[in-house]
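Colleague: Quick one: the structure is below, and I'll ask about it shortly.
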Amino acid sequence: MSVISMTVNGKPASADIEARTLLVQFIREQLGLTGTHVGCDTSQCGACVVHVDGRAVKSCTMLAAQAEGAEILTIEGLAPNGELHPVQAAFREHHGLQCGFCTPGMIMTAVDMIRRIPDLDEETVREELEGNICRCTGYHNIVKAILAASQEMR
Amino acid sequence: MYQFNYERPKTLADAEALLAKSDDPKILAGGQTLIPTLKQRLAMPSDLIDIGGIKDLDFIRAEGDAVMIGAATRHAKVAQSAEVKKHNPALAALAAGIGDPAVRHMGTLGGSIANNDPAADYPAACLALDAKIHTTKRLIEADEFFKGMFETALQDGEIIKEVTFPHPEKAAYMKFRNPASRYAMVGVFVSKGPWGIRVAVTGAGQNGVFRVKEMEEALAKNWSPDAVANIKLPAKGLNADLHGSAEYRAHLVTVMAKRAVAAAG
Ligand SMILES: Cc1cc2nc3c(=O)[nH]c(=O)nc-3n(C[C@H](O)[C@H](O)[C@H](O)COP(=O)(O)OP(=O)(O)OC[C@H]3O[C@@H](n4cnc5c(N)ncnc54)[C@H](O)[C@@H]3O)c2cc1C
Ligand code: FES
Ligand code: FES
């Protein structure tokens, strides 16, 4: 066991954990932030995507220890004052979710892609969603929501 | 995952010392292959030596007629690098096509070639571009580095520091990707440069990445897609799995080689 510390959604967080603890376990089990989901646990589905120092990563495929000292942003940190982030609002507006299981990962991936790619088009959005799987929506409305949010955030 | 001890050294010297004193250590880079392997309990290292904190291993530098890339440089950084795009656009495009954005934010060049997955992309680039692999112990030519499926010339405790990619005159990589895993069903990297002409194939060979001499000779006489159009590899020795038969992969090698030569111009 050893103590690791990082900043999660702007607040310091630390815990005494085993070296084999995954970042997603740290976030969900130590911090109780259960917005980040585990869909596959095999690096495929993207339900667990969070931002580490501003970059989208799969938190099921990273050790918590690798994030020592890092700034983590989870879905809970996107709307700190209760007002939905433009990407969240666009998902609601465009019906970009059904069961909602994939949604936290979809939204964290979307926020990352909008930041990196200023002039998103449909093809690019679909390509960028390569690592996020949705079992419900068929993706069309997710793509619409991301394109709308990217316009809005310009 | 089994238990292990975790270390995050700040310098290469510290990493080497830790590797030397541990029982059965493993280097951790981006973790995009190693962590899934640990989760499946396919490996049981005593110690994980995380090289992600070593700043000297994370760089891209163009110098003379080559680009040098640090072993711990992430795929996303190679894909976006102005230097790589300028001198070696085929390499930047290859990096941009690995996995998905989250995988590219973590996965590293050194991890990819050390792992030498038979369907990985970077090994094809190294072999086709006559890359030089610098380790803590020596310089290894790409031709000597890849030894078979998941096997390389690396010895215990040897860390890849950087890879030198000489600029090609012409190059392109074409990958027919598995739609589920994004790995190459077959990927073909063709190049023309100071080293002559090379054709490297990933995804197809049971022993990992390999060169196709017959295609190289044909392209030396006539650099055009037609030159390789009638060269078929024997299916024997190629991968067969639920995604495709050996015959299918043999066919794809010719198709991807043609497309790569066309794209290289
Ligand atoms: C969903 C998914 C999709 C993927 N798709 C593709 C794809 O399309 N194409 C592709 O090529 N790859 C793909 N990958 C693999 C990805 O590129 C990995 O990042 C890469 O194979 C390993 O790099 P890493 O930095 O994550 O290494 P790690 O997983 O940390 O390590 C891998 C191995 O390399 C060793 N190692 C790491 N660095 C060094 C070093 N500097 N010196 C010596 N040994 C070292 C480690 O000990 C370990 O054995 C995919 C992975 C995932 C999870
Ligand atoms: S839970 Fe991490 S990718 Fe599916
Ligand atoms: S909304 Fe159900 S998995 Fe995407």
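Since every read-out is calculated from the coordinates, none of them should be taken as a lab result. Bear in mind the structure is a predicted one, so any value in this text is a computation, not a measurement. Ideal geometry is used to build each Cβ from the backbone, glycine not excepted, and the neighbour counts take in all protein chains shown.
Colleague: Specify whether the C-alpha gyration tensor of region B:170-264 places it in the rounded, prolate or oblate class, a ≥ b ≥ c being the square roots of the eigenvalues: rounded for a/c under 1.5, otherwise prolate if a/b is larger than b/c and oblate if not.
Modeller: Details: a/c = 1.95, a/b = 1.63, b/c = 1.19.
Prolate shape, in that a/c is at least 1.5 and a/b is the bigger ratio.
Colleague: If you line up the Cα atoms of the protein assembly as shown on their principal axes, what length do they span on each, largest first, in Å?
Modeller: 67, 54, 43
Colleague: Quick one: Cα centre-to-centre distance for region B:234-265 and region B:165-186, in angstrom?
Modeller: With region B:234-265 and region B:165-186 each reduced to a Cα centre, they are spaced 12 Å.
Colleague: Find the relative contact order for region B:170-264 and round it to a whole percent, using C-alpha pairs within less than 8 Å whose residues are 6+ positions apart.
Modeller: The normalised contact order for region B:170-264 reaches 31 percent.
Colleague: Would you mind checking which residues have amide H under 5 Å from residue A:62's amide H? H placed 1.01 Å from N; only 5 or more apart, or other chain.
Modeller: A:23, A:24
Colleague: Report ³J(HN,Hα) in whole Hz for each residue of region B:145-157, in order, from the Karplus equation J = 6.51 cos²θ - 1.76 cosθ + 1.60 where θ = phi - 60°; Gly and Pro get x.
Modeller: 7, 8, 10, x, 4, 6, 10, 9, 6, 5, 9, 4, x
Colleague: Apply the Karplus curve 6.51 cos²θ - 1.76 cosθ + 1.60, θ = phi - 60°, to the phi angles in region B:27-39 and return the couplings in whole Hz, x for Gly and Pro.
Modeller: With the stated coefficients, region B:27-39 comes to 7, 10, 10, x, x, 6, 10, 5, 5, x, 5, 5, 4 Hz.
Colleague: With axes computed from alpha carbons, what is the tilt in degrees of helix A:103-116 against the longest principal axis of chain A, rounded to the nearest 10 within 0 to 90?
Modeller: Its long axis makes an angle of about 80 degrees.
Colleague: Taking amide H atoms as placed 1.01 Å from N in the peptide plane, list the residues 5 or more away in sequence, or in a different chain, whose amide H sits under 5 Å from that of residue A:8.
Modeller: Those qualifying (amide H under 5 Å, at least 5 residues apart or on another chain) are A:13, A:72.
Colleague: Also, quick follow-up: Evaluate the Debye formula for region A:43-154 with equal point scatterers sitting on the alpha carbons, no solvent, and hand back log10 of I(q)/I(0) at q = 0.16, 0.18, 0.22, 0.23 Å⁻¹, in q order, two decimals.
Modeller: The Debye formula, applied to the Cα set alone, gives -0.68, -0.86, -1.28, -1.38.
Colleague: Residue B:247 to residue B:169: extension gain in nm, 0.36 nm per residue of separation minus the Cα-Cα distance? Before the final figure, lay out the partial values.
Modeller: Values: separation 78, 0.36 × 78 = 28.08 nm, distance 3.23 nm.
Extra length available between residue B:247 and residue B:169 comes to 24.8 nm.
Colleague: Pop the C-beta distance of residue B:42 and residue A:123 into the FRET formula with R0 = 30 Å and round what comes out to the nearest 0.05.
Modeller: With a Förster radius of 30 Å, E is 0.25.
Colleague: Can you list the equivalent-ellipsoid semi-axes of region B:1-101, largest first and in whole Å, using the square root of 5 times each Cα gyration tensor eigenvalue?
Modeller: 30, 18, 8
Colleague: Oh, and also: Work out, in µm²/s and without decimals, the Stokes-Einstein translational diffusion coefficient of region A:2-77 at 10 °C, 1.306 mPa s, Rh from Kirkwood over C-alpha pairs.
Modeller: Numbers: Rh = 11.9 Å.
The diffusion coefficient I find is 133 µm²/s.
Colleague: Next question, about the same structure. As a test, work out the antiparallel percent of DSSP beta bridges whose residues both lie in the protein assembly as shown, rounded to the nearest 5.
Modeller: 85
Colleague: Within the set of other residues whose C-beta is less than 15 Å from the C-beta of residue A:151, count the net charge using Lys and Arg as +1 and Asp and Glu as -1.
Modeller: Charge balance in the 15 Å sphere: -2.
Colleague: Given the -39500 (n - 2.57) contribution per DSSP H run of 4+ residues, what per-residue ellipticity at 222 nm results for chain B, rounded to the nearest 500 deg cm²/dmol?
Modeller: So the calculated ellipticity at 222 nm is -9500 deg cm²/dmol.
Colleague: Let me ask something else about it. Using alpha carbon coordinates only, what is the Rg to Rh ratio of region B:5-166, with Rh defined as the Kirkwood radius?
Modeller: That ratio is 0.94, to two decimals.
Colleague: Still on this structure, I have one more. How many lysine pairs in region B:5-166, separated by 8 or more positions in sequence or lying on different chains, have Cα atoms less than 16 Å apart?
Modeller: Total qualifying Lys-Lys pairs in region B:5-166 comes to 11.
Colleague: Which residue, chosen from B:71, A:69, B:235, occupies the Cα position most advanced towards the positive end of the dipole of the protein assembly as shown, where the dipole is computed from +1 (Lys, Arg) and -1 (Asp, Glu) charges on Cβ about the Cα centre?
Modeller: Selected residue: B:235.
Colleague: Multiply the residue gap between residue A:79 and residue A:115 by 0.36 nm, knock off their C-alpha separation, and tell me the result in nm, one decimal place.
Modeller: 11.3 nm
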